[in-house]
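Before any comments, here is the structure.
Read the figures in this text as sums done on the coordinates, not as results from a lab. Since the model is a prediction, treat every value here as computed from it, not as a measurement. Ideal geometry is used to build each Cβ from the backbone, glycine not excepted, and the neighbour counts take in all protein chains shown.
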There are 4 protein chains.
Amino acid sequence: MHREDLADIVATVRQDMEAHLGRGRVADYIPALARVDPRRFAISITTCDGRTAEAGDAHIPFSIQSISKVFTLTLALNKLGSDLWDRVGREPSGSRFNSIVQLEQERGIPRNPLINAGALVVTDALLAGGDVEAMIAEITDFMRARADDPAVHIDPEVAASEADTGFRNASLVNFLRAFDNIKSPVNDTLRVYFNQCALRMNCRQLARAGLYLAHGGVDPLNHAKVTTPFRTRRINALMMTCGHYDASGDFACRVGMPGKSGVGGGILAIAPRQASIAVWSPGLNASGNSLVGALALQRLASLTGWSVF
Amino acid sequence: MHREDLADIVATVRQDMEAHLGRGRVADYIPALARVDPRRFAISITTCDGRTAEAGDAHIPFSIQSISKVFTLTLALNKLGSDLWDRVGREPSGSRFNSIVQLEQERGIPRNPLINAGALVVTDALLAGGDVEAMIAEITDFMRARADDPAVHIDPEVAASEADTGFRNASLVNFLRAFDNIKSPVNDTLRVYFNQCALRMNCRQLARAGLYLAHGGVDPLNHAKVTTPFRTRRINALMMTCGHYDASGDFACRVGMPGKSGVGGGILAIAPRQASIAVWSPGLNASGNSLVGALALQRLASLTGWSVF
Amino acid sequence: MHREDLADIVATVRQDMEAHLGRGRVADYIPALARVDPRRFAISITTCDGRTAEAGDAHIPFSIQSISKVFTLTLALNKLGSDLWDRVGREPSGSRFNSIVQLEQERGIPRNPLINAGALVVTDALLAGGDVEAMIAEITDFMRARADDPAVHIDPEVAASEADTGFRNASLVNFLRAFDNIKSPVNDTLRVYFNQCALRMNCRQLARAGLYLAHGGVDPLNHAKVTTPFRTRRINALMMTCGHYDASGDFACRVGMPGKSGVGGGILAIAPRQASIAVWSPGLNASGNSLVGALALQRLASLTGWSVF
Amino acid sequence: MHREDLADIVATVRQDMEAHLGRGRVADYIPALARVDPRRFAISITTCDGRTAEAGDAHIPFSIQSISKVFTLTLALNKLGSDLWDRVGREPSGSRFNSIVQLEQERGIPRNPLINAGALVVTDALLAGGDVEAMIAEITDFMRARADDPAVHIDPEVAASEADTGFRNASLVNFLRAFDNIKSPVNDTLRVYFNQCALRMNCRQLARAGLYLAHGGVDPLNHAKVTTPFRTRRINALMMTCGHYDASGDFACRVGMPGKSGVGGGILAIAPRQASIAVWSPGLNASGNSLVGALALQRLASLTGWSVF
């Protein structure tokens, strides 16, 4: 695909989304998310051979929220290797409804690292009883390196709001601790987790940051060895089967690319061997994924043939 | 990949499986399955450009069981189009344990067409109150056409045994009927279902039969338009997210290809744009999928790079 | 309490119910239930010392439905003794929603004999592979003897309708059979079950029939030894903890007597050492118990002090 | 029953328990419970007409744990009246396994006040955002008044240990808070709860404390109006249907009296209109109730005829 084609494609996607802007429901459990303009839309693509294309508000940062789980998973796999799988599974979780009952049934082993319970265990595995601020700094540095942009940062207002309202996550982390699957003090693990969720990035940075996942774990532009090809395939497989809560199957059917959504309206999608794509639109569908973002990726997959299926 | 390379690869896979032969537990709920030699192993590949390679017992037929769900899904999508999705979902089901509770919660709409509840609905949608024997014949004819081999047939002993022992399926079909999601008489739907599960095929036939799924719905060898590219991507996506019961995520991580297993020890896997692969080894792992078959596909993916991730 | 007082009390109860008549929703899954006048109301009391009192439509027969479970439980305990508890538990089932998931979790052992799954096992234990018609006759004879009235009979229209619409019960019995906790052919067990549910009795007969449960298992009027004091206490305890589906706790709080409801609008309640009471009013509350019937028993308990608490 | 008979009966019960002493498994999640001698046994009875009888270690204090839930429920009903039922249900919870899934399903309304989730809500309702130490003092004073003994106190070691290990309760309280069914700061509610569980009493004190429940809410000895007859019946009904976790039905069948157990090995049982009984033996059965304690009450019920059924 030529650079011009790519530019045409993102322009087409953006145009086709025009009629949908403002659909869905903006997350309102914390003020910083609630006040985002629901008609925002951005798409940004970075290809393995270094081309880029973007449309819309690609330079406006948003809260990446659960998309951070993909990156902490990368860090944790690098640190613990396959021992991580003793503490978290690799299976889709079925309906949202089942998450806690499964946790009980399966003795505190979350189904996968991309649901909240699993991501808390991943963060705890990374933290390993260590210093909270140092870990937050390490995650921030990792994201800056991946995005190739030192401007990436954590929004302290969001992190504080998450902590004030995060009773479900506090419930989960205590539940996991009761099964001895949280090793650090529960409040330490929560603090790192709330901070990683509060990372602010724009689509340009996010697409750039995910590029190693399209290229076997190596950043194709600066040749950084971020992780192994083996782990990269696992992460992509998990994004495919578990990346969109209880709408992961639907996303796989409609888009056909590994992806991870966040409640801030962002989605990171990977076209293996081709490109990394970030979209953003704040309105969420009933499953908590960006409604227009998923439509945009569906349109993009159709125009590019990037579905892996 | 040259023909010679493909032959080398399947030979390597087979050799590497030697040490594992006999592992797992052969299904024993019906006599015809219980008496199969647990050390059987076969692999067969058919590529989109017509090359084939095989190793082991690729000519010995086995009971394809749940692999048939992929083919009846194809038929039902052709017949009903997207109306089918009013009656069955597209999401992974989570743990096996949850299947019935989800069915209750979700008012009789099975999570996906590749679990038993969903496949019963698919079969019922195909049957649509029509003649049972005609439907069984239609499915058989479809499989013969796909396999390009009139020798494909249903094993009447297996079909009868399934009916004699199929209390869980009888429970499911009545449960679905209580939610009005079975339209034919329950015993008619069950009879078609038990017969489709009793299809006997060998790996050569099965790999050949699945080839249209690697080629956008068109058989690349005889150019038959089996289904649309759109539906093909959906079927592959469903095989990726839901094809191996509660080990679908693990299969996606390890193999990285859409696949569907059967309790007879077979697995059909699709390498989109490349090939269709059938493996067979009767010993099952704890999740009910062929233990050695999954290992063989993992090895094959590693040697060929056919993982979509 | 004097006979005159008892007559006054039932008259008061009936009068106090006047304002509530017609409330609730009449069961409409079969025609014979759907066409019952929703404003019917009856109460009948028989005391251990032979006094009786009644008000309303105490002579009009209705379908006793699940109330029959108390009587088949008595028969099964007499036949199998405590071996019955190997096949069915004695615990409340929690919410309706959980019934099947618990059945799966607990390997086909229903939580108690008063939910449908448990009653199917009780009926199957009674039938024990024997003759269906003989068993139906035995149950009918038992009810006639208990009611001291040969007019008690099974309504063939109701039994046929139950069979035509009983997909959930067919689902349950097949599910139980899959765990080997149904021993007779599934259709035989279902047939007996649908017939026992179709028993027609009026309140007078029903109150008389339950009297042995208020008197340690011996009929105080004709001295028939129906069951042992030990079993009587167990049956009453089960009625208290499990007799009203997922509103059993509420009934215990409000009425304080062991009771069993049926979807036909009847409730049998036992005042140990005092009396047996039957009420009937067809409108059901959200939990499937007679709305006005439960109110009437609450009023009765308040007037008589018959709450065991 | 004469005083001499009562003394004979408790002596007989104690003797009959001799062969069972040491059975069951002592709770070991906190040191103070783990080091209790497993062969301890005590029984104490106080009747409505002021007789008492006891045997064994009736003067040795133990941790009453969940038995405290009966008393905080009394306080909360006195304070909130029936508004309490907007925040907690009155139904048995089914198996332990279901507790959290039900909580999710039922939007944060616990099934009943005698399971942990429900007791946390009751304690929170009592606390109502008020002062933690004042509330702990109020509960302690209430227990001293009920036991007619100022020696009743909270064991600070136990309270501290509960707080150190109470991750499941911390999980529950955060979960309930997420549904807005905890109004005080979560740590305040937890602190009161851990303290009430740490109350130390002996059987003599405990039997005396429960006497109002056998006498319509009025202490028959000092005529204190503790609560209303109406609330007393509700509390007894809840103890009958929900007092022994997922063995409540079994306890109702075997003992036939309202009761509440604690993980410290104590059980309080009520014989309405007759007596209040406390037993203690530290070894627990699989359901977490005192194994020998339940046997002793079963024997007692058999000797006295105090089963309500």
Practice item. Step through the residues of the stretch B:258-270 one at a time and calculate ³J(HN,Hα) from phi using the Karplus curve (6.51 cos²θ - 1.76 cosθ + 1.60, θ = phi - 60°), rounding each to whole Hz and writing x for Gly and Pro. Key: x, x, 9, 9, x, 5, x, x, x, 9, 9, 10, 10
Review point. Quick one: Karplus J couplings for the stretch B:51-63, per residue in order, coefficients 6.51, -1.76, 1.60, θ = phi - 60°, nearest Hz, x for Gly and Pro?
Key: 7, 9, 8, 8, 8, x, 7, 5, 9, 8, x, 9, 7
Practice item. Evaluate peptide B:102-111: per residue, the Cβ atoms of other protein chains within 10 Å of its Cβ; return the mean as an integer. Key: 3
Check your understanding: Using mean Cβ contacts within 10 Å as the protection proxy, how do C:149-155, C:177-183, D:197-203 order, highest first?
Key -> D:197-203, C:177-183, C:149-155
**Study point:** Unit charges at the beta carbon, dipole of the stretch A:13-123: most positive-side option, A:ILE43, A:LEU80, A:PRO31
**Key:** A:PRO31
Revision key, fill the gap. Charge tally for neighbours of A:CYS253 with beta carbon under 12 Å away, counting Lys, Arg as +1 and Asp, Glu as -1, is +3
Review point. For chain A, modelled as a GNM with alpha-carbon contacts under 10 angstrom, which of A:SER68, A:SER82, A:SER261 fluctuates the most?
Key: A:SER82
Point to revise | Charge context of A:GLN196, other residues only, Cβ under 14 angstrom, K/R +1, D/E -1 | key: -1
Check your understanding: Around A:VAL26, which amide H atoms from residues at least 5 apart in sequence, or from another chain, sit under 5 Å from its own amide H, with H modelled in the peptide plane?
Key -> A:LEU284
Exercise for review: Using amide H atoms built 1.01 Å from N in the peptide plane, name the residues 5+ places from D:PHE62, or on other chains, whose amide H lies under 5 Å from its own.
Suggested key: D:MET201, D:ASN202
Check your understanding: Between the stretch B:3-79 and the stretch B:250-309, what's the alpha-carbon centroid distance in Å?
Key -> 9
Check your understanding: Among the lysines, which have Cα under 17 Å from the Cα of D:LYS183 when same-chain residues fewer than 8 positions away are ignored?
Key -> D:LYS79
Check your understanding: With axes computed from alpha carbons, what is the tilt in degrees of helix D:229-242 against the longest principal axis of chain D, rounded to the nearest 10 within 0 to 90?
Key -> 90
Study note, to complete from the structure: Scoring only Lys, Arg, Asp and Glu (+1, +1, -1, -1) among other residues with Cβ under 15 Å from the Cβ of C:PRO156 yields -3
Practice item. Check the axis relating chain A to chain B and name the residue of A whose C-beta is nearest, distance in whole Å. Key: A:GLY94, 1
Review point. In peptide C:252-262, what is the residue-averaged number of other protein chain Cβ atoms found within 10 Å of each Cβ?
Key: 4
Review point. In what sequence, highest mean first, do B:69-80, A:245-256 appear when ranked by Cβ atoms within 10 angstrom?
Key: A:245-256, B:69-80
Review point. Given a Förster distance of 60 angstrom, what is the FRET efficiency for D:LEU221 paired with C:HIS153, based on the Cβ-Cβ distance and rounded to 0.05?
Key: 0.60
**Study point:** Nearest 10 degrees, 0 to 90: helix A:116-127 Cα axis against chain A principal axis
**Key:** 70
Review point. Counting each DSSP H run of 4 or more residues in chain A as -39500 (n - 2.57), what helix-only mean residue ellipticity at 222 nm follows after dividing by all residues, to the nearest 500 deg cm²/dmol?
Key: -14000 deg cm²/dmol
Practice item. On a 0 to 90° scale, report how tilted helix C:291-304 is relative to the longest principal axis of chain C, with both axes built from alpha carbons and the result rounded to the nearest 10. Key: 50
Check your understanding: Given label points at 7 Å from Cα along Cα→Cβ, what nm distances, shortest first, separate D:THR12 from the same residue in every other copy?
Key -> 3.9, 8.3, 9.2
Review point. At B:HIS59, label 7 Å along Cα→Cβ: distances to the other copies, nm, ascending?
Key: 6.9, 8.6, 9.3
Check your understanding: Which distances, in nm and shortest first, link the C:GLY305 label point to the same label point in every other copy, taking 7 Å along Cα→Cβ?
Key -> 1.8, 9.0, 9.1
